Amino acid sequence: MDVAIVGGGIVGLASAYELAGRGHAVTVLEKGSLGMGSTARAAGGIRQQFSTEVNVKLSLASLPTWETFEERFGVDLAFRRHGYLFLAREPDTERTLRENVAMQNALGVPSELLSPEEAREHCPGLRADRFRCCSYCAEDGIADPNLAVQGYAGAVREAGVEVRTKTPVTELLEEGGHVTGLVAGGDRVEADSVVLAAGAWTRELATGLDIELPIAPRRRSIAVVDPEISVPETDPLTADLDTGAYFMPERDGVAFVGGQIGEDRDVDPDGYGEGIEMLWAAEAVERAGDLATYFGPDSRIRRGWSGLYAVTPDSHPVIEESLPGLVVAAGFSGHGFMHAPATGKVVAELVSDGEASTVDIAPLSSDRFGEEGRVERNVV
Ligand SMILES: Cc1cc2nc3c(=O)[nH]c(=O)nc-3n(C[C@H](O)[C@H](O)[C@H](O)COP(=O)(O)OP(=O)(O)OC[C@H]3O[C@@H](n4cnc5c(N)ncnc54)[C@H](O)[C@@H]3O)c2cc1C
């Protein structure tokens with residue numbers, strides 16, 4: 001089959017890789033350069049600790065690819081497994097963490113509940129007195145998204161995928177409810193299947209089709225900070241579920257600090273401001289200082305960057321055949337880097353077999369919105 005993929009981020013590339021592996025003739029259309037959308041701006045977190053089964057299953061189905069990336073793709077991902085530590089201040093959050101760990105363990109995730117005092121073994125600077133309870137998984141960690149793009153990009157080219165960069169898709173072609181191709185860089189491209197993997201740009205591309213995709217472009221920032229006390233490289237990514245504040249160690253005692261602060265508005269994905277605001281960064285560091293002792297008043301903000309989350313109302317992606325001939329894989333709400341390998345497999349299954357077998361994606365259909373469903377609560 002001829003398959004055209006809109007978007008050359010990690011999701012589009014993982015989909016291209018799996019589709020080419022099944023013998024399809026694949027073209028990737030990317031309006032900029034490969035991986036230079038949200039993927040290049042991700043922190044690179046890879047974790048199994050989620051609050052819903054479907055997100056845990058996407059993690060579990062992705063993990064073998066991340067663990068064997070160098071063997072498969074010839075690129076060392078710099079995957080550092082120093083764990084993720086989630087913190088609860090409120091009784092309700094503690095209850096959720098306890099339920100999450102039970103569900104994760106039942107699915108085979110080696111996460112554990114820790115008292116804040118016990119968690120100091122992993123994060124010596126933790127202000128244990130602020131928290132009621134923590135969950136920790138030693139297998140979670142951080143990899144380099146740009147190296148992942150490099151690995152997938154090399155593999156898809158080798159597999160014969162046609163990769164067209166600097167080629168914006170301007171229209172999806174539809175005939176009688178079937179998507180039959182697209183217009184890219186002024187050319188008509190006919191396709192048996194179109195895969196829409198355009199991240200935070202997905203909603204605008206689907207305008208005019210008979211589908212509702214509530215996928216909002218939202219700005220998220222990361223500050224690179226010289227803390228007052230060096231953050232050990234062995235510290236986990238540490239996230240406060242009640243305030244949204246988080247930090248993670250970089251090299252040489254430096255830390256990345258992040259967290260959404262203030263009103264979370266939709267932004268223009270082509271003009272959102274790729275730098276950081278110093279007011280935001282100062283507040284983010286102050287909040288990190290309430291998590292751990294490293295971030296005293298003499299901490300220094302070196303620089304930072306912002307990127308886009310493609311956010312849905314329940315923080316789960318849409319992965320489905322939305323119309324005959326159109327598969328959508330977008331709206332990962334901050335988890336799309338780590339879930340890309342499984343998503344690529346599921347997209348290839350939808351195109352080839354008409355249904356997914358790697359993960360049951362029934363909870364990820366676009367008609368779920370407006371219904372009572374599970375919201376992902378472990379959002380970083
Ligand atoms: C600050 C920050 C931190 C993050 N941290 C993490 C993390 O720790 N772990 C994690 O898993 N995820 C993280 N994420 C989320 C992650 O970056 C995304 O979920 C993931 O990159 C989504 O990949 P994608 O391929 O769907 O989107 P993208 O990488 O955005 O790719 C979509 C591509 O589509 C292209 N495109 C758009 N419109 C068109 C068009 N009309 N024609 C052709 N091409 C088009 C864009 O140029 C873009 O390259 C983070 C994101 C941010 C911003």
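Taking the chain as a Gaussian network, where each spring joins two C-alpha atoms under 10 Å apart, which residue of THR312, THR170, THR52 fluctuates the most? Sorting by GNM fluctuation, first place goes to THR170.
3J(HN,Hα) along region 155-171: 5, 6, 5, 4, 7, x, 5, 7, 10, 10, 8, 6, 10, x, 7, 10, 7 Hz, from the Karplus curve 6.51 cos²θ - 1.76 cosθ + 1.60 with θ = phi - 60°, whole Hz, x for Gly and Pro.
Region 1-124 has equivalent-ellipsoid semi-axes of 35, 16, 15 Å, by the square roots of 5 times the alpha carbon gyration tensor eigenvalues, sorted largest first. All alpha carbon pair distances within region 262-331 were sorted into 10 Å bins beginning at 0; the resulting P(r) in whole percents reads 15, 31, 29, 16, 7, 1.
Across all directions, the shadow cast by the convex hull of the chain built on its C-alpha atoms averages 17.6 square nanometres. Of the GluC sites (Glu not before Pro) found in region 87-140, the ones in coil according to DSSP and having at most 12 other Cβ atoms within 10 Å of their Cβ are GLU121. Note on region 187-259: along the principal axes its Cα atoms extend 57, 28, 17 Å, ordered by decreasing extent.
Report the residue, chosen from MET278, MET103, MET36, that carries the largest GNM mean-square fluctuation when the chain is represented by alpha-carbon nodes joined by springs under 10 Å. Comparing MET278, MET103, MET36 in the GNM, the peak value goes to MET278. Across the accessible surface of the chain, with the other protein chains kept in place and a 1.4 Å probe, carbon and sulfur atoms take up 45 percent. Calculated FRET efficiency, SER352 to ASP144, Cβ-Cβ distance, R0 = 35 Å: about 0.70 to the nearest 0.05. When the alpha-carbon atoms of region 294-380 are used, the pair Rg, Dmax equals 17.0, 58 angstrom. Using every pair of separate Cα atoms, the Kirkwood estimate puts the hydrodynamic radius of region 53-198 at 19.2 angstrom. Let a ≥ b ≥ c be the square roots of the eigenvalues of the Cα gyration tensor of region 12-59; is it rounded (a/c under 1.5), or, if not, prolate (a/b larger than b/c) or oblate? Oblate.
Surface analysis of the chain yields an accessible area of 40 Å² per residue, using protein heavy atoms and a 1.4 Å probe.
Cross-link partners for LYS345 among the lysines, with Cα-Cα distance under 23 Å and sequence neighbours closer than 8 places in the same chain left out: LYS57.
The values are calculated or read from the model by the stated rules, or taken from the named source; none is laboratory data. What you are looking at is a predicted structure, and each value in this text was computed from that prediction instead of being measured. We place every Cβ from the backbone using ideal geometry, glycine too, and count neighbours over all the protein chains shown. Just so you know, the surface numbers come from the protein's heavy atoms only, side chains and all, with ligands and any DNA or RNA stripped out. Shrake-Rupley method; radii C 1.70, N 1.55, O 1.52, S 1.80 Å.
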